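**Q** One structure coming up, written as structure tokens, with questions to follow.
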Amino acid sequence: MAVNKESVCMLPDIQFVQRPGIIEFGWGHLAAELLPDTELLHAATWVLSRDAYPALTYGFAQGPGRLLALLAERLAVPETELMITGGTSQALDMLCKQLTKPGDVVLVEAPTYHLALRIFRDYGLRFVTVPGDQQGLHVTAVTTLVKMLRSRGERVAFLYLVPSFNNPSGVTLNAERRAELARLALALDLTVIEDEAYAELWYDAPPPPPIASFAPGGSLIRLGSFAKVLAPGLRLGWMQAPASLIQRCVHAGMLDSGGGVNHFTAHVVWALLQAGDFEPHVLHLRAALRARRDTLLAALARAMPAGVTWRPPLGGFFVWLRAPSTIDTTALLTHAEAAGVSYIPGERFYAGGGGRNELRLAFSMLPPDDLVEGARRLGQVLKQALQRA
Ligand SMILES: Cc1ncc(COP(=O)(O)O)c(C=O)c1O
């Protein structure tokens, strides 16, 4: 096949594009040096040299049995309640396809993972936000909202939440509320999707057990991803859900036609887990990310003007900053980028409005010097904005 090399080279290879002179706090990606390339090389070599055929042919729709068995043991759930996904994004897309129709309501946290909102919008879903505090969402509000919406004849497709080290706020739903939410989900026949993207990346203490563990039998769906603990380019994750829902997803035409998603990658990740390389890597990652978090927190304490507040995140990738109410972080972004620092404005994480004076900083990708210099630049920009206000 003839390949036009010039036009191929015009396209970027990766999602992240480094803009010259800008310290990019906006991207929730792992730094290159934190990716387990050596472990993956060993795993891929093992797969290709020892067991190439099962890894290279079409895969089982639910995911390779060997990875399902290993995950079932690690997560202590039956294999019938698990399937391999192409990461959480693909799982959310697949769930929307299976569980929703245009016009349905999705309950979301405020703030919540902004790109999940993008996926939900693709399916014509409408948002209702559930209020929360530093312990996570208010579970009693879920009951009130579900009853109110249903009494109006609205269909509530599901509640989506990031209960551990929320993106962007860093908040973790406490154990009592998890148990209560699981009980409510059962009582209300409400589907709950818990996105556990950061659950393994804790820096002080592990998060409480997953919501799904509190009420077996309920319509509780738990999504895990290897994007944050191994590498996002693997496009691999898993879903835990009632066996009936797993069967519905597994019988989708896409999987019948193409086999299991990211089948080769699934074999490589299985080999990495099997080799015992996962735990040491996660320990290393936690230590490295904890150090980056602490560097950023110390730099913020030095650089931020009075009135700007944040809470130390206990896990995950992000620090969530709140500026005085006179600051509009969307408008301020142009000034910040002119000063050589970027972030994501808070408004993008709110489905129903809000977050005008908030912003998200990711510490997962930047080296310590950039974390310090980026905080200094942002502090200056905020100081000037407060003087103008
Ligand atoms: C809360 C949350 N869920 C899901 C994702 C995406 O996961 P994946 O790469 O597995 O699709 C992200 C990535 O930023 C995230 O922060």
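Laboratory data are not the source of any read-out in this text; all were calculated from the coordinates shown. Everything numeric here is computed off the predicted structure, so don't read it as measured data. FYI the Cβ positions are ideal-geometry reconstructions off the backbone, even for glycines, and counts take in every protein chain you see.
**Q** How far, in nm, would the chain grow between residue 287 and residue 154 when pulled straight, counting 0.36 nm per residue and subtracting the alpha carbon separation?
**A** 43.3 nm
**Q** What are the extents of the Cα atoms of region 279-388 along their three principal axes, listed from largest to smallest and rounded to whole Å?
**A** Taking max minus min along each principal axis of the Cα atoms, region 279-388 gives 48, 32, 23 Å.
**Q** Might you report the magnitude of the Cβ-based charge dipole of region 39-274 about its Cα centre, with Lys and Arg at +1 and Asp and Glu at -1, to the nearest 20 debye?
**A** About 560 debye.
**Q** Separate question: Under 5 Å between amide hydrogens, which residues at least 5 positions from residue 104 or on another chain qualify, with H placed 1.01 Å from N in the peptide plane?
**A** Long-range HN contacts for residue 104: 126.
**Q** I'd like the Karplus ³J(HN,Hα) series for region 207-214: coefficients 6.51, -1.76, 1.60, θ = phi - 60°, whole numbers in Hz, and an x wherever there's a Gly or Pro.
**A** For region 207-214, the Karplus curve yields x, x, x, x, 4, 4, 7, 8 Hz.
**Q** Which whole-number percent gives the relative contact order of the chain, counting Cα pairs below 8 Å spaced six or more residues apart?
**A** 24
**Q** Pick from 153, 237, 316: which is most flexible by mean-square fluctuation in a GNM of the chain where alpha carbon atoms under 10 Å apart are linked?
**A** The residue that fluctuates most here is 153.
**Q** Compare 163, 280, 216 in a GNM of the chain, Cα atoms joined below 10 Å, and give the one with the largest fluctuation.
**A** 280
**Q** Which value at 222 nm does the chain reach when only helices count, each DSSP H run of 4 or more adding -39,500 (n - 2.57), with the total divided by all residues and rounded to the nearest 500 deg cm²/dmol?
**A** -13500 deg cm²/dmol
**Q** Same structure, new question: From the residues 214, 59, 354, which one has its Cα farthest along the dipole of the chain in the positive direction, the dipole being from +1 and -1 charges on Cβ of Lys/Arg and Asp/Glu about the Cα centre?
**A** The listed residue farthest towards the positive side: 354.
**Q** Just how far, in whole angstrom, is region 27-48 from region 342-361 if you go by their alpha carbon centroids?
**A** 32
**Q** What nm distance separates the two modelled labels at residue 101 and residue 338, each placed 7 Å from Cα along Cα→Cβ?
**A** 5.1
**Q** Report the label-to-label distance for residue 386 and residue 251 in nanometres (one decimal), using points 7 Å from each Cα along the Cα→Cβ vector.
**A** Distance between label points: 6.0 nm.
**Q** Which length gain, in nm to one decimal place, applies between residue 133 and residue 294 when the Cα-Cα distance is subtracted from 0.36 nm times their residue separation?
**A** Extra length available between residue 133 and residue 294 comes to 55.6 nm.
**Q** Under the Karplus relation 6.51 cos²θ - 1.76 cosθ + 1.60, θ = phi - 60°, what is the ordered set of whole-Hz ³J(HN,Hα) values for region 381-389, x standing for Gly and Pro?
**A** Calculated HN-Hα couplings, in order: 4, 5, 4, 4, 5, 5, 5, 6, 5 Hz.
**Q** If R₀ is 30 angstrom, what is the calculated FRET efficiency for the pair residue 73 and residue 32, using the beta carbon separation as r and rounding to 0.05?
**A** 0.40
**Q** Please turn the phi angles of region 319-334 into ³J(HN,Hα) values with the Karplus equation 6.51 cos²θ - 1.76 cosθ + 1.60 (θ = phi - 60°), one per residue in order, whole Hz, x for glycine and proline.
**A** 10, 9, 9, 10, 9, x, 5, 6, 8, 10, 5, 5, 5, 6, 4, 4
**Q** Taking 0.36 nm per residue of separation and subtracting the Cα-Cα distance, what length does fully extending residue 80 through residue 204 add?
**A** 41.3 nm
**Q** As a footprinting exposure proxy, order 128, 162, 319 by other Cβ within 10 Å, with the fewest listed first.
**A** Fewest to most other Cβ atoms nearby, the residues stand as 128, 319, 162.
**Q** Can you give me the three principal axis dimensions of the chain from its C-alpha atoms, in Å, biggest first?
**A** Principal-axis extents of the chain (Cα, largest first): 63, 58, 45 Å.
**Q** What order do you get for 388, 235, 311, 178 when you list them from fewest to most C-beta neighbours inside 10 Å?
**A** Fewest-to-most ranking of 388, 235, 311, 178: 388, 311, 235, 178.
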